[in-house]
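Below is one structure, written out as structure tokens, with a few remarks after it.
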Amino acid sequence: MSTTKIASKKLLTVAPITAIAAAGINAVLFFIGKATGLLRDSVLIQPANEPLSLIPVLISSILPTLLAGGVLALLNRFVAAPLRIFNIIAVVLLVLSFINPFAAIPNVPIGMGVWLNVMHVVVAGAVVFAFNRFTAVE
């Protein structure tokens with residue numbers, strides 16, 4: 001993180017690849033959660049009022065990753081140390097995201113909430129790792 005700028009052209013490929021990787025890992029975690037009973041069909045996700053399925057997991061992995069790429073691109077354009085600021089924003093948003101399963105899902109069991117938060121860590125970790133590792137200009 002000693003660099004000050006990123007290679008924007010690299011970000012155009014790194015962000016989608018990172019989104020696919022995060023979605024793939026979270027798909028595996030989804031099926032593990034289902035198999036172990038951590039992700040229960042008896043818990044209904046709003047507003048669809050249905051059990052959690054793979055599609056929302058994939059969307060919740062891909063969309064934030066691509067949005068993060070856009071944020072980093074904007075930071076790269078307008079600030080001197082985009083990766084440093086991006087990493088701070090990423091950590092703050094990750095911590096705030098830990099509230100979401102418990103606030104947004106009525107009667108969510110603790111294990112399910114924690115498992116969903118593990119999936120949040122996967123997305124944030126993939127984004128921070130890949131963007132820092134593969135877009136930084138030395």
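Throughout, read-outs are computed from the coordinates displayed, never taken from laboratory work. Here the structure is a predicted model, which is why all the values come from computation and not from measurement. All Cβ positions, glycine included, derive from the backbone under ideal geometry; neighbour counts span all protein chains shown.
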Report, in deg cm²/dmol and to the nearest 500, the calculated mean residue ellipticity at 222 nm for the chain, where each DSSP H run with n ≥ 4 adds -39500 (n - 2.57) and the sum is divided by the residue count. -25000 deg cm²/dmol
With 18 Å as the cut-off, how large is the P(r) tail for the stretch 8-135, expressed as percent of Cα-Cα pairs? 53
Taking the chain as a Gaussian network, where each spring joins two C-alpha atoms under 10 Å apart, which residue of Ala80, Ala21, Ala48 fluctuates the most? Ala48
Measure nothing but the geometry: give the 0 to 90° angle between the long axis through the Cα atoms of 82-97 and the longest principal axis through the Cα atoms of the chain, rounded to 10°. 10
Label-point gap, in nm, between Ser42 and Glu138 - each point 7 angstrom along Cα→Cβ: 5.5
Any idea what angle helix 110-135 forms with the longest principal axis of the chain, computed on alpha-carbon atoms, 0 to 90 degrees, nearest 10? 20
With everything on Cα atoms, drop me the angle between helix 8-36 and the longest principal axis of the chain, reported from 0 to 90° to the nearest 10. 20
Under unit Cβ charges (Lys, Arg +1; Asp, Glu -1), what dipole magnitude, rounded to 20 debye, does the stretch 8-135 have relative to its Cα centre? 480
Run the quick spin-label model on Ile32 and Leu54: label points 7 Å from Cα toward the beta carbon, then report their separation in nm to one decimal. 1.7
